[in-house]
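Below: one structure, written as structure tokens.
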Amino acid sequence: MKRIDAVYHVRGEAEYVDDLPQPAEMLYAAVFASTVARGKILALNLLPALALDGIVAAFAATDIPGTNQWGSIIPDWPLLATDEVHYVGQPVAVVVGKTKACAQKAAKKIAMQVEELPAIVEPKEAFVRGQIIGVPRTFVLGDVESAWSNCYLIVEGTCEIGSQEHLYLETQRARAIPLEGKTMRVYSATQNPYAAQRTIAQMLGWPHNAIEVDVKRLGGAFGGKEEQATLWASLAALAAWHLQKPVELVLSRLDDLKMTGKRHPYDSDFKIGVTKEGQILAYEVKHYQNAGAYADLSTAVLERTLFHSTNAYFIPNAKIFGASCRTNLPPSTALRGFGGPQAMFVMESAITKVAEKLGVSREEIQRKNLLFAGDVFPYGQQMQTNSVPRTWQKAEQIYHLSKIKQQVEQYNANHFETKKGYALMPICFGISFTKTFLNQASALVHVYTDGSVSVTTGGVEMGQGLSTKIAAIASLTFGIGIQRIKIETTNTTRIANMSPTAASVTTDLNGNATMLASGQILDRLKVVAAKELRVSEPERIAIADEKILYAGEETNLTWAGLLEKAFLYRTNLSAHAFYATPGISFDRVKEKGHPFAYHVCGTAIVEVTLDCLRGIYEIDSVKIVHELGRSVNELVDRGQVEGGLAQGLGWMTVEDLRFSGKGQLLSKNLATYKIPDVYFMPDEIALEFLTEENSFGPYGSKAVGEPPLMYGIGVFFAIRQAMRAFQPQRELAFKSPLTPEQVLCQLYPQEFQEMAENIAVSSTLLAST
Ligand code: MTE
Ligand code: MOS
């Protein structure tokens, strides 16, 4: 079935924050932000902005009546900078005008005097200087120290992992509307309505119930609106409170790129030891996460990095260290995979280096070390299924790995300047928020007397198809047509204390809550039906295709008829239900536990062709076996797998996000920051699903949002293989993204060194003339 909002999207009718009808007298806000990565604010002059036509007011930190300090995990981030600025793009003041254009123009007029201080942009430097957020963490399994001596081969290496921009279509935005008494309604493009509600309440010194946050849908988020959306909602609310008028804040694309945090770059060091046959005996890794200037979600992202450091492999002796390092970049934040992809990249790099040193194929080492049911993760949980080897074996078989290998070898033997490469990429991603308490959700369901149904949950539709799945779940539970179900906006007044829409668990949590709430109403309806049908066992009533069945036999009662009767019998046709994932916990002192309800696994085979003279490459195909569970909407899930894959491929290849040594974003527009487009995507994407029922997901389904991104990691190693086919002797770096420029720099290091020297010489000459 198509998504329930597909028609609105195609017609351009889908509503986002700033599509809502504009209230009278609405004002528009724009943000003035720091232009230096670190500095002391000596003076801030808002007057030049106020002098402009159409400007109504401007606010700085001193205008915040309550708490100017926020953050879901560690509240270390001022909404507006006070004495110091810590990254380029940090908000310092908000200007409000009668139009968006005049507000944006006025924001540029604000004058700030700053004493610039030395900035740190590299995580290892921050670590050495003691700039650490939270505490460094270490997971231990077995005993690496004593395992090294049993290893036939030990290799060490370093990974430099690049960042990634979310590039959601809809930039950050919010509209705040002051209401009677001391209350406010805020329409926010957020994955985390409760965080916006909490933060605005604290900022104004109000109770939570005074703030109503409402979200219809997001034009994409990918983690970028989990924590960071709160800031913009709060700034709109601040202005609305001062002026007692509706205020809208919409970031322009360039401001959004500059002012918001991105995926965490990592510098990671690994050491891996294997037997002669390639069995991994020990693995030690140190992850230095570039967290940016404030905590944001960095410690939670780091935690997931630790959880996924051994990916889909069983390693009996492992020591996994990680530290969130504070730098002067915009606070790094959630992005699809949430620290998992970085961990898996390092693991794959370590395996690759081992394979290269042993002179065997990568997949030989991978295959020997796959994770089986009963194997223990470094965090203490046992793997429950054989999904990793099953997807691996199936991928090898149905996609004919031996043939792929043979074809690539043959191609490479017959071609000089172009080479092919392939790589297998198994994944194993834990499902559940790693912060156990977040694994809770509620749903509110009403059935009206005409048989139509209203469902509110704490989940946000952000393009992932949540609404379609929740509607499908309600329709399955009631046994009625999906067209009868209306999915309401996500609203903090209807659903209290909601968790963010994240960690791929939104359908699991909110879908289960929807099943429970619908089930309550259904049970009451069965009692009514039994009365109407004059039968004694309501539990033998069932509803299918809107017909009421008794003991499997169709009766003359229908859904619509039943609802009319239920009202007359004074039946409660509303229900609220709560769901919390059972059986999960994690002990942060021992660093052991059972944090995940289950894992999602799969295996991909990526094939590329590289032009070794130009550095450009094509992704020929990606062939995947993915564990989907019993899907409630396979079309939506297919979209998630392909979309996630695209984002993973982009992260590894063309998305080259760069900051200068002074913390200035260099890839600051879409001319310098490239994302994969339809032509970049492989000609062939083959998808095969494993569809066993999953007991944690509604109707046996499995989470699907993030895991497929990590198949994209395979492309890096496929390109690397092609590079090695051309230049077997070169030392190649584990540095992502592997852009065509990077490919050339690594294939021809001498030439590029000379060129860099020539450029340096000519610029010195130019400077001296
Ligand atoms: N798909 C679309 N189209 N847009 C998005 O913003 N976000 C991803 C993924 N798929 C996203 C998406 C991320 S980061 C997560 S965590 C999941 O969707 C969240 O939704 P779910 O929990 O319903 O899977
Ligand atoms: Mo997704 S990164 O958990 O919002």
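The values are calculated or read from the model by the stated rules, or taken from the named source; none is laboratory data. Predicted model only: the values in this text are computed from it and were never measured. Here Cβ is always computed from backbone atoms with ideal geometry, including for glycine, and neighbour counts include all displayed protein chains. All accessible areas refer to the heavy atoms of the entire protein, side chains included, with ligands and DNA or RNA removed. Shrake-Rupley method; radii C 1.70, N 1.55, O 1.52, S 1.80 Å.
Annotations
- The stretch 661-686 residues that are within 22 Å of Asn290 (Cα to Cα) and without any contact (Cβ under 8 Å) to a residue 24 or more places away in the chain, paired with ones that are surrounded by fewer than 17 Cβ atoms within 10 Å (Cβ to Cβ) and among the polar types (S, T, N, Q) (beta carbon under 8 Å, 6 or more apart): Leu666/Ser660; Leu666/Thr672
- Residue satisfying condition, being outside any loop (DSSP other than H, G, I, E, B), open to solvent by less than 90 Å² (accessible area, probe 1.4 Å) and modelled with pLDDT of 95 or more, within set Ala101, Ala119: Ala101
- Tally, over the stretch 572-607, of residues that are of a type in the set (Ser, Thr, Tyr) and surrounded by fewer than 17 Cβ atoms within 10 Å (Cβ to Cβ): 2
- Any pair with Cβ under 6 angstrom, 6 or more apart, that starts in the stretch 24-53 at a residue that is over 26 Å from Arg173 (Cα atoms) and ends at one that is open to solvent by 60 Å² or more (accessible area, probe 1.4 Å) and not β-branched (Val, Ile, Thr): Gly39/Glu115; Gly39/Glu116; Lys40/Glu84; Lys40/Glu115; Ile41/Asp83; Leu42/Gln113; Leu42/Glu115; Ala43/Gln113
- Selection count, the stretch 479-511, where residues are in a helix (DSSP H, G or I) and surrounded by fewer than 24 Cβ atoms within 10 Å (Cβ to Cβ): 3
- Residues located in the stretch 214-247, provided they are more than 16 Å from ligand 1 (Cβ to nearest atom) and open to solvent by 10 Å² or more (accessible area, probe 1.4 Å): Asp214, Trp241, His242, Leu243, Gln244, Lys245, Pro246
- Residue in the stretch 520-538 that is in contact (Cβ under 8 Å) with a residue 24 or more places away in the chain, within 16 Å of ligand 1 (Cβ to nearest atom) and open to solvent by less than 10 Å² (accessible area, probe 1.4 Å) present: no
- Ala147 falls short on exactly one of the conditions (1) part of a loop (DSSP other than H, G, I, E, B); (2) open to solvent by less than 30 Å² (accessible area, probe 1.4 Å), and that condition is (1).
- All conditions in (1) open to solvent by 10 Å² or more (accessible area, probe 1.4 Å); (2) away from ligand 1 (no atom under 16 Å from the Cβ) hold for Phe338, with the sole exception of (2).
- Residue pairs meeting the criteria (Cβ under 7 Å; at least 6 apart or on separate chains; first farther than 15 Å from Pro698 by Cβ, in the stretch 627-644; second open to solvent by 40 Å² or more (accessible area, probe 1.4 Å)): Leu635/Met1; Leu635/Lys2; Glu642/Ile685
- Complete set of residues in the stretch 174-224 that are part of a strand (DSSP E or B), within 16 Å of ligand 2 (Cβ to nearest atom) and of a type in the set (Ser, Thr, Tyr): Ser188
- Filtering the stretch 501-512 to residues that are in contact with a Leu (Cβ under 9 Å, 6 or more places away or on another chain) and away from ligand 2 (no atom under 16 Å from the Cβ) leaves only Gly511.
- The set of residues from the stretch 514-542 being among the β-branched types (Val, Ile, Thr) and touching a helix residue (DSSP H, G or I) at 6+ places or on another chain (Cβ under 6 Å) comprises Thr514, Val527, Val528, Ile541.
- So Leu747, is it surrounded by 17 or more Cβ atoms within 10 Å (Cβ to Cβ), of a type in the set (A, V, I, L, M) and within 16 Å of ligand 1 (Cβ to nearest atom): no
- Considering the stretch 623-645, the residues that are open to solvent by 20 Å² or more (accessible area, probe 1.4 Å) and farther than 22 Å from Ser695 by Cβ include one that is farthest from ligand 2 (Cβ to nearest atom), namely Lys623.
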